[in-house]
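The block underneath contains the structure these notes are about, expressed in structure tokens.
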Amino acid sequence: MNQWRFKLLYDGDCPLCQREAAFLQRRNRHGWLAFENIAAPEFDPAVYGTSHEALMGVIHGVFPDGKMVRKMAVFREAYRAIGLGWLLAPTAWPGLNWLADRGYEWFARNRLGIGKILGRSCASGACALPAPNPPQP
């Protein structure tokens, strides 16, 4: 396998996240997409200069040079790595970029409820989203 070009940091305790990661893994024929489960006991968010809470709030991805991206940019890069980048390319267009990120933010906040509706709830409770930080004075 070739060197990875992008790494997806995903919540392995979230059933919807597991499903998406499995979809991407099946299509990762060249090995250009790497995966790291942020719910694994040995995972250390400090390696990426961030916190577990930040990673659980929205999806993150990292390039080999250490540059991180968040939200829909992660999906665009992951799909590009498996040869399906054209599917999400429009989400980078002006206007659609903003809309896609807001839609993803809504999904991220509601993913546990969405999972329950779809019959894919988080049995362990480990994938619960962190409580929002109160505004600082």
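Values for this structure:
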{"read-out": "Members of segment 38-53 that are in a helix (DSSP H, G or I) and surrounded by 14 or more Cβ atoms within 10 Å (Cβ to Cβ)", "value": "P45, Y48, H52"}
{"read-out": "Residues of segment 41-80 classified as of a type in the set (D, E) and without any contact (Cβ under 8 Å) to a residue 60 or more places away in the chain, total", "value": "3"}
{"read-out": "Residue list for segment 72-97, restricted to those being assigned to a loop (DSSP other than H, G, I, E, B) and either touching a Gly at 6+ places or on another chain (Cβ under 7 Å) or within 19 Å of R5 (Cβ to Cβ) (or both)", "value": "I82, G83, L84"}
{"read-out": "Conditions (1) under 11 Å from A78 (Cβ atoms); (2) of a type outside the set (V, I, T); (3) at pLDDT 95 or above; number of the one not met by Y10", "value": "(3)"}
{"read-out": "Hits in segment 8-37 - residues which are closer than 16 Å to M56 by Cα and either in contact with an Asp or Glu (Cβ under 6 Å, 6 or more places away or on another chain) or outside any loop (DSSP other than H, G, I, E, B) (or both)", "value": "L8, L9, Y10, P15, L16, C17, Q18, E20, A21, F35, E36, N37"}
{"read-out": "Number of the exception - G61 against (1) surrounded by 19 or more Cβ atoms within 10 Å (Cβ to Cβ); (2) touching a Gly at 6+ places or on another chain (Cβ under 9 Å)", "value": "(2)"}
{"read-out": "Identity of the residue in segment 64-114, farther than 29 Å from V47 by Cβ and among the small types (G, A, S), that ends up surrounded by the fewest Cβ atoms within 10 Å (Cβ to Cβ)", "value": "G95"}
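The values are calculated or read from the model by the stated rules, or taken from the named source; none is laboratory data. Note that the structure is predicted; figures quoted are calculated from it, not measured. Using ideal geometry, Cβ is built from the backbone for each residue, glycine included, and neighbour counts are taken over all protein chains shown.
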